[in-house]
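Undergrad: Dropping a structure here in structure tokens format, bear with me for questions.
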């Protein structure tokens with residue numbers, strides 16, 4: 001994958017700054033976590049990851065039932081709620097939290113949201129960031145790869 005160098009750089013900076021990372025992934029199904037843990041010494045910085053792919057998982061594991069009934073599953077609000085909830089499990093003083101929710105297709109979760117739309121939530125040092133992106137690929141796997149690359153790039157820009 002073309003984003004390997006940024007992933008390695010992210011891991012190295014997290015190690016140097018003693019920052020732990022945790023994630024709540026939906027649309028990427030754990031691929032973000034996989035890309036991080038491939039690197040040597042990832043155990044020094046990778047705290048945990050949750051794959052909360054279904055609405056039921058987001059509701060039960062992240063305790064978002066009422067909010068999911070209020071907001072679209074693919075939304076800024078859900079990405080923010082996911083990252084807030086996933087970081088509450090961390091015991092680290094310095095934690096980078098990241099979440100993603102989106103539609104990679106080919107079917108629609110919601111006709112109001114285009115295939116290729118993703119929201120990424122990032123929490124770091126008491127700040128919350130939300131990024132909305134639209135990826136225009138004909139391939140589900142290419143959309144997922146692009147989302148993971150964006151998650152890595154955004155994380156890197158926030159902690160650098």
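Undergrad: In the range 104-126, is there at least one residue being within 16 Å of the chain's Cα centre (by Cα) and surrounded by fewer than 20 Cβ atoms within 10 Å (Cβ to Cβ)?
TA: yes
Undergrad: Take the residues in the range 35-55 that are surrounded by fewer than 16 Cβ atoms within 10 Å (Cβ to Cβ) and under 21 Å from residue 105 (Cβ atoms), then tell me which one is farthest from the chain's Cα centre (by Cα).
TA: Filtering first and then ranking leaves 54.
Undergrad: Among the residues of the range 92-133, which ones are more than 25 Å from residue 159 (Cβ to Cβ) and in contact (Cβ under 8 Å) with a residue 12 or more places away in the chain?
TA: 103, 104, 105, 106, 109, 110, 112, 113, 114, 115, 116, 117
Undergrad: Let me ask you something else. Given 132, 142, 93, which one is more than 18 Å from residue 55 (Cβ to Cβ) and in a helix (DSSP H, G or I)?
TA: Only one candidate qualifies: 142.
Undergrad: Picking from 68, 73, 81, which residue would you name as being more than 18 Å from residue 19 (Cβ to Cβ), assigned to a helix (DSSP H, G or I), touching a helix residue (DSSP H, G or I) at 6+ places or on another chain (Cβ under 7 Å) and modelled with pLDDT under 95?
TA: Only one candidate passes the filter, namely 68.
Undergrad: Can you confirm whether residue 28 is assigned to a strand (DSSP E or B) and either out of contact with any strand residue (DSSP E or B) (no Cβ under 8 Å at 6 or more places or on another chain) or crowded, with 18+ Cβ neighbours inside 10 Å (or both)?
TA: no
Undergrad: So, one more: If you take the residues of the range 31-55 that are part of a helix (DSSP H, G or I), in contact (Cβ under 8 Å) with a residue 24 or more places away in the chain and out of contact with any strand residue (DSSP E or B) (no Cβ under 6 Å at 6 or more places or on another chain), which of them is farthest from residue 148 (Cα to Cα)?
TA: This residue is 44.
The values are calculated or read from the model by the stated rules, or taken from the named source; none is laboratory data. These numbers were taken from a predicted model, which means no experiment stands behind them. So basically every Cβ, Gly included, is an ideal-geometry build from the backbone, and we count neighbours across all protein chains shown.
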